[in-house]
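J.: Sharing a structure with you now.
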Amino acid sequence: MAFPKHILRREFRRRRDTLEQRNTLSQAICARVRDLPVYQAARVLHCYLPIRSEVDTHTLISDALARGIDVIVPVVRPDAVDLDHSRLASLAVEELEVGFFGTLQPRILQPVQPDVWDLVIVPLLAFDRSGYRLGYGKGYYDRLLASRRTRSIGLAFAVQEALELPHEPHDTPLDWIVTEQDVVVGNDLHLIRPDGERFLSYVELEQQRTHEQAERKRMQLERDRAEQRADALAAKLRELGIDPDAIAGDQSASESMQD
């Protein structure tokens, strides 16, 4: 049975509002985003400033600004159908003000057109494993994502996951949804970088890291075994009354003469 969207919004808003340790979980979510190659390759980032119980993006925005990534934030206008957009220079309290719907925005707006960013961070009420999201019903991000094919990441807490969300053929799935528990890949188109090369997906990146860790462990094990064999040989030589250090010294002198 498919529930009406207004019922779903009420239920998933309740789940998010009653979630404990949202600040800690938000930091974990932002840390996962920072590990994504698509974020690390971004030059211009569109990111929302959180309201109410949304995943807090302040640490992510701070990191982007520190990296030299241009940050664009949405601006909601009364009676406007679409979002406006402004460059964000700082998260300093004195440089922000409360806008329409209670959303934060720069006190001095620096308007930009909706075609300058290469990654957009999207808020949501619910998501499913196909990459579809449930928003607040205004359609701002639906129109934004549909108007330009930009790589997109939805931020959510794990409790916001739905088995399946209602969607229409024209709805645009998100490329990723990042929670404190994992990264959901919703759309394979994100795997192509602007230069035509292929991004590693999150799963592939984790597999690569696992392989590298296993290789480091294997090499360390080989070194440990070599040291154990050397120690055993030295002990055997001492039992025979032979000084292993003297043998090592004679071998080094012989090699020096050959050089």
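J.: More than 29 Å from Val185 (Cα to Cα), within 23 Å of the chain's Cα centre (by Cα), assigned by TED's automatic domain parsing to the domain that holds Leu174 and small (Gly, Ala, Ser), is that true of Ala89?
T.: Criteria met by Ala89.
J.: Also, I was wondering about something else. Please tell me if Leu60 is surrounded by 18 or more Cβ atoms within 10 Å (Cβ to Cβ), touching a residue at least 12 places away in the same chain (Cβ under 8 Å) and farther than 14 Å from Val44 by Cα.
T.: Details: surrounded by 18 or more Cβ atoms within 10 Å (Cβ to Cβ): yes; touching a residue at least 12 places away in the same chain (Cβ under 8 Å): yes; farther than 14 Å from Val44 by Cα: no.
So Leu60 fails the test.
J.: Still on this model: Quick check, is Val184 part of a helix (DSSP H, G or I) and either under 25 Å from the mean Cα position of the chain (by Cα) or modelled with pLDDT under 90 (or both)?
T.: No.
J.: If you don't mind, there's one more thing I want to ask. Test of understanding: among Ala226, Ala214, Ala234, Ala230, which residue is modelled with pLDDT under 90, surrounded by fewer than 11 Cβ atoms within 10 Å (Cβ to Cβ), of a type in the set (Gly, Ala, Ser) and more than 20 Å from the chain's Cα centre (by Cα)?
T.: Sole residue among the options that is modelled with pLDDT under 90, surrounded by fewer than 11 Cβ atoms within 10 Å (Cβ to Cβ), of a type in the set (Gly, Ala, Ser) and more than 20 Å from the chain's Cα centre (by Cα): Ala214.
J.: Can Gly154 be described as assigned to a loop (DSSP other than H, G, I, E, B), out of contact with any Ser or Thr (no Cβ under 7 Å at 6 or more places or on another chain) and buried (at least 20 other Cβ atoms within 10 Å of the Cβ)? Before you say what the answer is, go through the steps one by one.
T.: On the way: assigned to a loop (DSSP other than H, G, I, E, B): no; out of contact with any Ser or Thr (no Cβ under 7 Å at 6 or more places or on another chain): yes; buried (at least 20 other Cβ atoms within 10 Å of the Cβ): yes.
In short, no.
J.: When you scan the stretch 67-118, how many residues do you find that are in contact (Cβ under 8 Å) with a residue 40 or more places away in the chain, assigned to a loop (DSSP other than H, G, I, E, B) and touching a Phe, Trp or Tyr at 6+ places or on another chain (Cβ under 9 Å)?
T.: Matching residues across the stretch 67-118 total 5.
J.: Tell me the residue from Pro114, Pro194 that is at pLDDT below 90 and crowded, with 18+ Cβ neighbours inside 10 Å, please.
T.: Result: Pro114 is the single residue among Pro114, Pro194 that is at pLDDT below 90 and crowded, with 18+ Cβ neighbours inside 10 Å.
J.: Within the stretch 12-25, count every residue that is in a helix (DSSP H, G or I) and in contact (Cβ under 8 Å) with a residue 40 or more places away in the chain.
T.: The number of residues fulfilling the criteria is 6.
J.: Of a type outside the set (Ser, Thr, Tyr) and modelled with pLDDT under 95 - does that describe any residue in the stretch 52-66?
T.: Within the stretch 52-66, one or more residues are of a type outside the set (Ser, Thr, Tyr) and modelled with pLDDT under 95.
The values are calculated or read from the model by the stated rules, or taken from the named source; none is laboratory data. Here the structure is a predicted model, which is why all the values come from computation and not from measurement. As a convention, Cβ positions derive from the backbone with ideal geometry for all residues, glycine included, and neighbour counts pool all protein chains shown.
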